[in-house]
Amino acid sequence: MLKDAIDLSTLRRVLVIKLRHHGDVLLTSPVFSVLKNHAPHLEIDALVYQDTAEMLSLHPAISQLHAIDRKWKSAGVFTQTKAELKLLSELRARRYDLIIHLTEHNRGAWLTRLLGARYGVAEKLRGKGRFWYNSFSHRYPIPIGRWRHRVELNLDALRRIGVYPAGQERHLTLVPGKEAEAFIDKELEQQGLRGKPFLHLHPTSRWQFKCWPEGKMSELIDTLQQEGHRVVLTAGPGDDEMAAVKRITTSLSAPVTDLSGRLSLKQLAALTARAQAFIGVDSAPMHIAAAMGTPTAVLFGPSGDPEWGPWQVPHRIIISNHTCRPCGNDGCGGGKLSECLQTISVAEVLEAVHSLLLQGRGNC
């Protein structure tokens with residue numbers, strides 16, 4: 001028996017902190033679901049960066065969603081201080097009994113102290129020192145030398161306090177919302193695709209070292225369209241991603257439905273939910289596809305597929321046989337290009353897509 005388990009019946013409000021990127025935030029969604037299932041009376045709040053809030057907004061288990069705008073830092077000391085104090089006041093007013101901090105960010109330690117929560121849970125991290133360790137009542141270990149999916153690592157915070165999630169509770173939750181769904185239905189209607197099968201292909205990432213060669217992406221799209229598949233292309237609105245999409249589409253032998261740079265994250269979720277399958281690289285859209293239950297074919301290079309792969313969805317992971325991967329480096333030698341991705345052939349990706357389409361939306 002866990003001697004220092006927390007009796008959830010004695011708690012009223014919980015704050016879960018995840019100050020990371022979009023995909024990281026989405027992979028925390030089971031934490032809220034599990035807590036609510038085990039203690040329906042709890043009010044569970046989230047604290048994330050403003051630009052990632054869409055990953056958790058409309059989550060049925062979340063009471064309030066608080067956000068930190070990364071732009072506060074560049075707005076000047078006065079503006080940042082005013083915004084930080086306002087946020088602190090709002091959080092204090094909630095009177096949290098438990099804070100679950102899911103990153104190494106020191107803000108979580110400070111908030112656990114400043115908000116006066118009875119309990120605090122965080123990772124047991126090397127080199128953090130006494131301030132970190134003394135800020136939390138419960139700390140959980142991270143496996144060393146073994147891969148564990150990030151969803152399970154997040155849920156370890158709950159296991160540490162005596163909450164053990166069942167298998168069916170660990171699914172990702174992302175709610176697009178009626179407005180996003182209506183927008184996508186209208187867009188697909190205009191493209192002649194509403195109610196018809198199509199493949200969703202998201203070829204880009206803001207991290208260049210995670211990307212497959214653009215020429216191969218073009219060849220893949222051409223081949224899929226020649227086979228009779230309709231392809232819908234998306235990408236983020238950043239200049240680098242939009243430029244990459246332009247290079248990919250310029251060399252195509254036939255036009256493709258291109259929604260790149262036009263969709264919000266909620267709209268992207270609504271789109272991929274309607275697709276036969278998602279094809280892409282290790283990125284937030286891959287996690288969004290998994291959350292929507294869309295079969296996923298994904299190319300992995302330096303990043304680790306055991307930790308970051310598609311979660312609880314039919315999928316195919318395409319990797320090379322390089323013994324040095326996953327290395328986590330910014331390309332080989334820090335050169336932005338990853339040989340483990342560059343060497344994957346179009347034929348390998350096509351084989352994975354064909355296999356996935358045959359499986360359909362079956363079991364994982």
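The values are calculated or read from the model by the stated rules, or taken from the named source; none is laboratory data. From a predicted model like this one, the values you see are computed outputs, not experimental measurements. Backbone-built Cβ (ideal geometry, glycine too); neighbour counts: all protein chains shown. SASA here: full protein model, heavy atoms, side chains in, ligands and nucleic acids out. Shrake-Rupley method; radii C 1.70, N 1.55, O 1.52, S 1.80 Å.
Restricting GLY76, GLY108 to those that are over 25 Å from VAL31 (Cβ atoms) and small (Gly, Ala, Ser) reduces the list to GLY76. In the set (1) of a type in the set (D, E, K, R); (2) modelled with pLDDT of 95 or more; (3) open to solvent by less than 60 Å² (accessible area, probe 1.4 Å), LYS210 fails one condition alone, (2).
With GLN312, GLN276 as the choices, which residue is within 24 Å of SER218 (Cβ to Cβ) and open to solvent by 20 Å² or more (accessible area, probe 1.4 Å)? Let's see the steps before the verdict.
Details: GLN312 fails: within 24 Å of SER218 (Cβ to Cβ).
Among GLN312, GLN276, only GLN276 is within 24 Å of SER218 (Cβ to Cβ) and open to solvent by 20 Å² or more (accessible area, probe 1.4 Å).
When every residue of segment 187-200 is checked against the conditions, none turns out to be open to solvent by less than 70 Å² (accessible area, probe 1.4 Å), assigned to a helix (DSSP H, G or I), under 30 Å from ASP7 (Cβ atoms) and of a type in the set (Asp, Glu).
Of all the criteria given as (1) under 24 Å from GLY215 (Cα atoms); (2) polar (S, T, N, Q); (3) modelled with pLDDT of 95 or more, the one not satisfied by ASN329 is (3).
Residues in segment 290-310 that are in a helix (DSSP H, G or I) and of a type in the set (Gly, Ala, Ser) were compared, and the one that is farthest from ASP330 (Cα to Cα) is ALA291.
Look through SER33, SER57 and report the one residue that is under 25 Å from GLU181 (Cβ atoms), open to solvent by less than 50 Å² (accessible area, probe 1.4 Å) and assigned to a helix (DSSP H, G or I). So the residue among SER33, SER57 that is under 25 Å from GLU181 (Cβ atoms), open to solvent by less than 50 Å² (accessible area, probe 1.4 Å) and assigned to a helix (DSSP H, G or I) is SER33.
Checking GLY162, GLY228 one by one, the residue that is open to solvent by less than 50 Å² (accessible area, probe 1.4 Å), at positive phi and more than 22 Å from the chain's Cα centre (by Cα) is GLY162 and no other. If you check ARG146, ARG139, ARG94 for being modelled with pLDDT of 95 or more, open to solvent by 50 Å² or more (accessible area, probe 1.4 Å) and not aliphatic (A, V, I, L, M), only one passes: ARG139.
Every condition in (1) farther than 30 Å from MET217 by Cα; (2) open to solvent by 10 Å² or more (accessible area, probe 1.4 Å) holds for LEU155 except the one numbered (2). Every condition in (1) touching an Asp or Glu at 6+ places or on another chain (Cβ under 7 Å); (2) in a helix (DSSP H, G or I) is met by MET286 except one, and the failing one is (1). Checked against (1) over 30 Å from ASP7 (Cα atoms); (2) in contact (Cβ under 8 Å) with a residue 40 or more places away in the chain; (3) not hydroxyl-bearing (Ser, Thr, Tyr), ARG20 meets all criteria but (1). Candidates in segment 1-30 are the residues that are farther than 22 Å from ALA269 by Cβ and among the basic types (Lys, Arg); of these, the one that is surrounded by the most Cβ atoms within 10 Å (Cβ to Cβ) is ARG13. Criterion applied to ALA182, ALA244 was being small (Gly, Ala, Ser), part of a helix (DSSP H, G or I), at negative phi and buried (at least 17 other Cβ atoms within 10 Å of the Cβ), and the one residue passing it is ALA244. Look at ILE144 and say whether it is under 21 Å from VAL25 (Cβ atoms) and of a type in the set (A, V, I, L, M). So ILE144 does not fit the description; no. State yes or no: is GLU84 in contact (Cβ under 8 Å) with a residue 12 or more places away in the chain, among the acidic types (Asp, Glu) and within 30 Å of ALA269 (Cα to Cα)? Considered against the rule, which asks whether it is in contact (Cβ under 8 Å) with a residue 12 or more places away in the chain, among the acidic types (Asp, Glu) and within 30 Å of ALA269 (Cα to Cα), GLU84 comes out as no.
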